[in-house]
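To start, the structure under review is shown below, and the notes come after it.
The values are calculated or read from the model by the stated rules, or taken from the named source; none is laboratory data. This is a predicted model, so every value here is computed, not measured. Don't worry about glycine lacking a Cβ; one is built from the backbone with ideal geometry, like all the others, and counts go over all protein chains shown.
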Amino acid sequence: MDRKSKAWAIRSDHYTNNTVATIFIPAPHFPPSAMPPSQRVRLLVRHLHTLGWKPVIFTVDHYYREELADPWMLDITGDQFEKVEVGCLDQRKTRKFKIGDLGIRMFFHLFFSLLKHARKRKPALILYPVPPWYIMVMAPFIKWFSGVPYAIDYIDPWIFKVPENDRKAKMSQWVARTLEGFVVKRSSAIFAVSQGILNDLISRYPVVKSIPLVPVPYGVEPTDFLTIKVSRPENEKVILRYTGAVSSAMLPVADALFKALRLVNQQIPLQVEFTGTSYAGIGLAQPVLEPLIIENDVQSFVTENPNRVGYRTALELSMGADMQLLMGDTTQYYAASKLMGMVASGRPFFAFVHKGSFPSTFLDSLNFAGKVDFIASELNDEKTIRELADSLLNAIRRRHEFNPIDINNSSLNQHTAFAMAQTFSNTLQKIVHE
């Protein structure tokens, strides 16, 4: 084991706890899925057992998921957990009725399985990572019928702005606004990937201030990068890559980025690739950025592949670029799940993020120079575009001078996968003991 892997591994391997408490985690998305909720849970179960917990995962066979399977995810998750597979309605049939949400399709199967096991095994607690958000609705009922308390982990907020012409999304938001308060007010703790999500919850339901509200940004497992083979084809153009989904709240940011990239391309030939931009499953993905690419006349050097790729492929693409791109959205609470991976990869990257967001403040704590902050209302300002273009150009020209973040940096150490699991564990232990 090299110095880098030793430095990270010591934080988990040398921790022991003889107390074992069972925790149930309903995780519709779980390896071999590589979706963000799956990543969050696999990082938790990788380390919870060293912190005195026995994780029991309730999930479905990958046959019922619409995302790409990545067998490597199974290897890097480890085996220190128990898995209970529950039934699920087949999306091949429910799609005919415009029902694809995994949380809805497995809702009743999950409810009765959780209730049965909770009554029989009496776990210390049930942790609901969301999305899919609809599984939250069962939490108070299972608590009433089994006596087992629960906590919620918001990976994304349930209530957010949706397009006025999207009837399905508006109906989903009506359900969210009707039921979210009922659920969160009865939880024993609420975790979230950013403080902004918790602040929004407090503004809607002030009573939740009486329970633990804990921001826990995505952690990173640096050993994920040890076996990644990077190939960089010789190319006269500088290759910039963004790998990951693009939400509607990110489109104004992408628009500003394209305007800046067009200016940069006039001085340095670029090849900019966006991969996995759609949240949709296999066979359902449609281009997300194409209208903006055409509108900004950057199609000669910017390409988009909306189909999602596996985690290992995503790392290979990102690390094989001359420079990785990190893009925020117009909300201050967006936490960017790929941020810690970029930092841990040791490869050059550039960030264009919301001023005051976690990615911005975290990169400031590292004195990271390759970053431009934006204010959502000023994204289209000529000054913002020019500043972004100048900073991008400077970062590209100096990419060979990029200095990876020291793995012993105190700010970075707070956001390893083990540190993330430990933050969860500390709060959950208090709930159980109290």
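Looking only at region 17-61, filter to residues that are part of a helix (DSSP H, G or I) and among the charged types (D, E, K, R); which one of those is nearest to the chain's Cα centre (by Cα)? Write out each step before concluding.
Residues of region 17-61 that are part of a helix (DSSP H, G or I), as a first pass: 36-51.
Narrowing further to those that are among the charged types (D, E, K, R): 40, 42, 46.
Numbers: Arg40: 7, Arg42: 12, Arg46: 16 Å.
In this case the residue turns out to be Arg40.
Restricting attention to region 143-180, which residues are in a helix (DSSP H, G or I) and of a type in the set (Lys, Arg)?
Taking region 143-180 as the starting set, the residues that turn out to be in a helix (DSSP H, G or I) are 143-146, 167-180.
Listed by number, the residues that qualify are Lys143, Arg167, Lys168, Lys170, Arg177.
Within region 217-272, take every residue that is among the β-branched types (Val, Ile, Thr) and part of a loop (DSSP other than H, G, I, E, B) and give me the one that is farthest from Thr416 (Cα to Cα).
As a first pass, look at region 217-272 and keep what is among the β-branched types (Val, Ile, Thr): 220, 223, 227-228, 230, 238-239, 243, 246, 253, 264, 268, 272.
Now restrict to residues that are part of a loop (DSSP other than H, G, I, E, B): 227-228, 230, 246, 268.
Working: Thr227: 18, Ile228: 19, Val230: 23, Val246: 25, Ile268: 36 Å.
Taking the candidates together, the pick is Ile268.
Would you check which residues across region 186-211 are among the aliphatic types (A, V, I, L, M) and either in contact with a strand residue (DSSP E or B) (Cβ under 9 Å, 6 or more places away or on another chain) or part of a loop (DSSP other than H, G, I, E, B) (or both) and list them? Before you say what the answer is, go through the steps one by one.
In the first step, residues of region 186-211 are kept if they are among the aliphatic types (A, V, I, L, M); the result is 189-190, 192-193, 197-198, 201-202, 207-208, 211.
Across region 186-211, the qualifying residues are Ala189, Ile190, Ala192, Val193, Ile197, Leu198, Leu201, Ile202, Val208, Ile211.
Pick from Thr384, Thr416: which is more than 17 Å from Met342 (Cα to Cα), crowded, with 18+ Cβ neighbours inside 10 Å and touching a residue at least 24 places away in the same chain (Cβ under 8 Å)?
Working: Thr416 fails: more than 17 Å from Met342 (Cα to Cα).
None of the other options fit; the residue is Thr384.
Identify all residues within region 274-289 that are buried (at least 18 other Cβ atoms within 10 Å of the Cβ) and either among the β-branched types (Val, Ile, Thr) or at pLDDT 95 or above (or both); write none if there are none.
Answer for region 274-289, where residues must be buried (at least 18 other Cβ atoms within 10 Å of the Cβ) and either among the β-branched types (Val, Ile, Thr) or at pLDDT 95 or above (or both): Phe274, Thr275, Thr277, Val288, Leu289.
In region 152-190, how many residues are hydroxyl-bearing (Ser, Thr, Tyr) and either touching a residue at least 12 places away in the same chain (Cβ under 8 Å) or at positive phi (or both)? Talk me through it step by step, then tell me what you get.
Of region 152-190, the ones hydroxyl-bearing (Ser, Thr, Tyr) are 154, 172, 178, 187-188.
If we keep only those that are either touching a residue at least 12 places away in the same chain (Cβ under 8 Å) or at positive phi (or both) as well, we get 154, 187-188.
Residues that pass the stated criteria total 3.
From the residues in region 331-366 that are more than 16 Å from the chain's Cα centre (by Cα) and of a type in the set (D, E, K, R), which one is nearest to Ala256 (Cα to Cα)?
Applying the filter and picking the extreme gives Lys355.
So, Gly341, is that one farther than 23 Å from Ile190 by Cα, crowded, with 22+ Cβ neighbours inside 10 Å, in contact with a Ser or Thr (Cβ under 9 Å, 6 or more places away or on another chain) and of a type outside the set (A, V, I, L, M, F, W, C) or not? It would help to see each step written out before you state the result.
On the way: farther than 23 Å from Ile190 by Cα: yes; crowded, with 22+ Cβ neighbours inside 10 Å: yes; in contact with a Ser or Thr (Cβ under 9 Å, 6 or more places away or on another chain): yes; of a type outside the set (A, V, I, L, M, F, W, C): yes.
So Gly341 passes the test.
Being small (Gly, Ala, Ser) and either more than 18 Å from Tyr128 (Cβ to Cβ) or outside the structural domain of Lys209 (by TED's automatic domain parsing) (or both) is the filter here; which residues of region 143-193 pass it? Spell out the reasoning first.
Our first condition is that a residue be small (Gly, Ala, Ser); within region 143-193, this holds for 146-147, 151, 169, 172, 176, 181, 187-189, 192.
Of everything in region 143-193, just one residue is small (Gly, Ala, Ser) and either more than 18 Å from Tyr128 (Cβ to Cβ) or outside the structural domain of Lys209 (by TED's automatic domain parsing) (or both), namely Ala169.
Considering every residue within region 98-119, establish whether at least one is under 22 Å from Asp156 (Cβ atoms), among the basic types (Lys, Arg) and not in a strand (DSSP E or B).
For region 98-119, residues under 22 Å from Asp156 (Cβ atoms), among the basic types (Lys, Arg) and not in a strand (DSSP E or B): present.
Is one or more of the residues making up region 173-184 at pLDDT below 90, of a type in the set (Lys, Arg) and farther than 25 Å from Val41 by Cα?
Pass one, region 173-184, residues at pLDDT below 90: none.
Within region 173-184 (the criterion being at pLDDT below 90, of a type in the set (Lys, Arg) and farther than 25 Å from Val41 by Cα), the answer is no, since none of the residues qualifies.
Please indicate, with yes or no, whether at least one residue in region 223-236 is of a type outside the set (A, V, I, L, M), modelled with pLDDT of 90 or more and within 23 Å of the chain's Cα centre (by Cα).
Taking region 223-236 as the starting set, the residues that turn out to be of a type outside the set (A, V, I, L, M) are 223-225, 227, 229, 231-236.
Those still in the list that are modelled with pLDDT of 90 or more too: 224.
In the following step, the residues that additionally are within 23 Å of the chain's Cα centre (by Cα) were identified as 224.
Looking through region 223-236, at least one residue is of a type outside the set (A, V, I, L, M), modelled with pLDDT of 90 or more and within 23 Å of the chain's Cα centre (by Cα).
Do we have Gly196 as surrounded by fewer than 17 Cβ atoms within 10 Å (Cβ to Cβ), closer than 26 Å to Leu44 by Cα and in the same structural domain as Cys88 (by TED's automatic domain parsing) here?
Working: surrounded by fewer than 17 Cβ atoms within 10 Å (Cβ to Cβ): no; closer than 26 Å to Leu44 by Cα: yes; in the same structural domain as Cys88 (by TED's automatic domain parsing): yes.
For Gly196, the condition - surrounded by fewer than 17 Cβ atoms within 10 Å (Cβ to Cβ), closer than 26 Å to Leu44 by Cα and in the same structural domain as Cys88 (by TED's automatic domain parsing) - is not met.
Could you list, in sequence order, all residues of region 254-273 that are of a type in the set (Asp, Glu) and either more than 17 Å from Phe349 (Cβ to Cβ) or at pLDDT below 95 (or both)?
So the first thing to find is which residues in region 254-273 are of a type in the set (Asp, Glu), and the list is 255, 273.
Selection gives Asp255 alone.
Name the residue, out of Ser377, Ser357, that is surrounded by 13 or more Cβ atoms within 10 Å (Cβ to Cβ), within 11 Å of Thr330 (Cα to Cα) and not hydrophobic (A, V, I, L, M, F, W, C). It would help to see each step written out before you state the result.
Numbers: Ser377 fails: surrounded by 13 or more Cβ atoms within 10 Å (Cβ to Cβ).
When all the criteria are applied, what remains is Ser357.
Quick check, is Ala369 assigned to a loop (DSSP other than H, G, I, E, B), over 18 Å from Pro222 (Cβ atoms) and within 17 Å of the chain's Cα centre (by Cα)? Talk me through it step by step, then tell me what you get.
On the way: assigned to a loop (DSSP other than H, G, I, E, B): yes; over 18 Å from Pro222 (Cβ atoms): yes; within 17 Å of the chain's Cα centre (by Cα): no.
When the stated conditions are applied, Ala369 does not pass them.
Six or more apart or on different chains, Cβ under 8 Å: which pairs go from a residue in region 254-266 that's under 19 Å from Pro291 (Cα atoms) to one that's aromatic (Phe, Trp, Tyr) and crowded, with 20+ Cβ neighbours inside 10 Å? Could you list them?
Matching pairs, first to second residue: Ala256/Phe352; Ala256/Phe374; Leu257/Phe352.
Please give the strands (runs of 3 or more DSSP E) falling wholly within region 298-359 in which 3 or more residues are under 24 Å from Thr416 (Cβ atoms). Step through it out loud before you land on a result.
Values: elements: 302-305, 323-327, 349-354.
Counting at least 3 such residues, we get 323-327, 349-354.
Only one of these conditions is not met by Phe97: (1) at pLDDT below 95; (2) under 26 Å from the mean Cα position of the chain (by Cα); (3) aromatic (Phe, Trp, Tyr). Which number is it?
Answer for Phe97: the failing condition is (2).
From the list Val183, Val214, which one is in a helix (DSSP H, G or I), among the β-branched types (Val, Ile, Thr) and touching a helix residue (DSSP H, G or I) at 6+ places or on another chain (Cβ under 8 Å)? Break it down into steps so the answer makes sense when it comes.
Working: Val214 fails: in a helix (DSSP H, G or I).
Exactly one of Val183, Val214 is in a helix (DSSP H, G or I), among the β-branched types (Val, Ile, Thr) and touching a helix residue (DSSP H, G or I) at 6+ places or on another chain (Cβ under 8 Å), namely Val183.
Could you tell me whether any residue of region 84-99 is touching a strand residue (DSSP E or B) at 6+ places or on another chain (Cβ under 8 Å), of a type in the set (A, V, I, L, M) and touching a residue at least 40 places away in the same chain (Cβ under 8 Å)?
Step one: list which residues in region 84-99 are touching a strand residue (DSSP E or B) at 6+ places or on another chain (Cβ under 8 Å), which gives 84-86.
Subset that is of a type in the set (A, V, I, L, M): 84, 86.
This time we only want the ones that are touching a residue at least 40 places away in the same chain (Cβ under 8 Å), so: none.
Looking through region 84-99, none of the residues is touching a strand residue (DSSP E or B) at 6+ places or on another chain (Cβ under 8 Å), of a type in the set (A, V, I, L, M) and touching a residue at least 40 places away in the same chain (Cβ under 8 Å).
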